[in-house]
């Protein structure tokens, strides 16, 4: 049993999530926006593991595992979309991809 | 024990430092490398909480799989132009709202202290005897209780593979 309190882990993952949100909102490079999503997913996974450890159950581990599976699928599809956007438009700036606006 | 606290601080510094660098670096390759550092820190925190299987999965799947995919895509697209542009959006209002929400959340939990977590009482019973390893325990639960989500995940991966190929290919 580790002496590190549960609140430290939870606070850390909250801060990590906020970092992901900030990157998602502020960055204009589509790849960095995508990496911010990965940051947020990791923060959520850390929360799952923390509660799982605290409650002495493995269910949280499995949820984190499924989150990782979905993240892998999402990364494959998302990066294919990014490649297609770059091929068609020649830019990675999210502000330039606005054809639905006009 | 003291060593746990020291390890926690070490991994937390890796996680937060990597995260901050990820969202602030101008060059996308630097961002990806920083994200790898952050993911390794998270893996260390998993190990600190006795999630050995997820520690391995985090390194093999995230660092070895997803991040290498990211780096491939970054190398495929030309980023010289993007690095010279303005890097940040002007979404101060939304960002301020998000930060305020999380700050209120953390403040509430700090104010309430331990009473805020009713479910976080240390559990008395463990699901499996401690002689069983973490991976065996996970496998037992995964293939009995979570069999249907497991099958759905396999279908999801198949759909993702087909979708990625369809989108990335010029002509089917």
Exactly one condition in (1) touching a helix residue (DSSP H, G or I) at 6+ places or on another chain (Cβ under 6 Å); (2) over 27 Å from residue B:48 (Cα atoms); (3) more than 7 Å from every other protein chain (Cβ to nearest Cβ); (4) surrounded by 17 or more Cβ atoms within 10 Å (Cβ to Cβ) is not met by residue A:74; state its number. (1)
Residues of the stretch A:54-66 being in contact with a helix residue (DSSP H, G or I) (Cβ under 9 Å, 6 or more places away or on another chain) and either exposed (fewer than 15 other Cβ atoms within 10 Å of the Cβ) or free of Cβ contacts under 8 Å to residues at least 24 places away in the same chain (or both), which ones? A:57, A:58, A:59, A:60, A:61, A:62, A:63, A:64, A:65, A:66
In the stretch B:31-45, how many are within 21 Å of residue A:50 (Cβ to Cβ) and either in contact (Cβ under 8 Å) with a residue 60 or more places away in the chain or more than 10 Å from every other protein chain (Cβ to nearest Cβ) (or both)? 3
Condition check: crowded, with 16+ Cβ neighbours inside 10 Å and closer than 16 Å to residue A:39 by Cβ. Does residue B:14 satisfy that? yes
Starting from the stretch A:82-102, take each residue that is more than 11 Å from chain B (Cβ to nearest Cβ) and list its partners that are loosely packed, with under 12 Cβ neighbours inside 10 Å, counting only C-beta distances under 8 angstrom and pairs at least six apart or across chains. none
Within the stretch A:30-50, how many residues turn out to be more than 7 Å from every other protein chain (Cβ to nearest Cβ) and either within 23 Å of residue B:27 (Cα to Cα) or at pLDDT below 90 (or both)? 6
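To keep it simple, each residue is scored yes or no on (1) modelled with pLDDT under 85; (2) closer than 26 Å to residue B:55 by Cβ; (3) loosely packed, with under 11 Cβ neighbours inside 10 Å.
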{"site": "B:68", "(1), (2), (3)": "no, yes, no"}
{"site": "B:75", "(1), (2), (3)": "no, no, no"}
{"site": "B:126", "(1), (2), (3)": "yes, yes, no"}
{"site": "B:157", "(1), (2), (3)": "no, yes, no"}
{"site": "B:162", "(1), (2), (3)": "no, no, no"}
{"site": "B:169", "(1), (2), (3)": "yes, no, yes"}
Exactly one of (1) buried (at least 20 other Cβ atoms within 10 Å of the Cβ); (2) more than 7 Å from chain B (Cβ to nearest Cβ) is unmet by residue A:26. Its number? (2)
Tell me whether the stretch B:77-99 contains one or more residues that are crowded, with 17+ Cβ neighbours inside 10 Å, part of a helix (DSSP H, G or I) and modelled with pLDDT under 70. yes
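The values are calculated or read from the model by the stated rules, or taken from the named source; none is laboratory data. What you are looking at is a predicted structure, and each value in this text was computed from that prediction instead of being measured. Every residue, glycine as well, gets a Cβ built from its backbone with ideal geometry; the counts of neighbours run over all protein chains shown.
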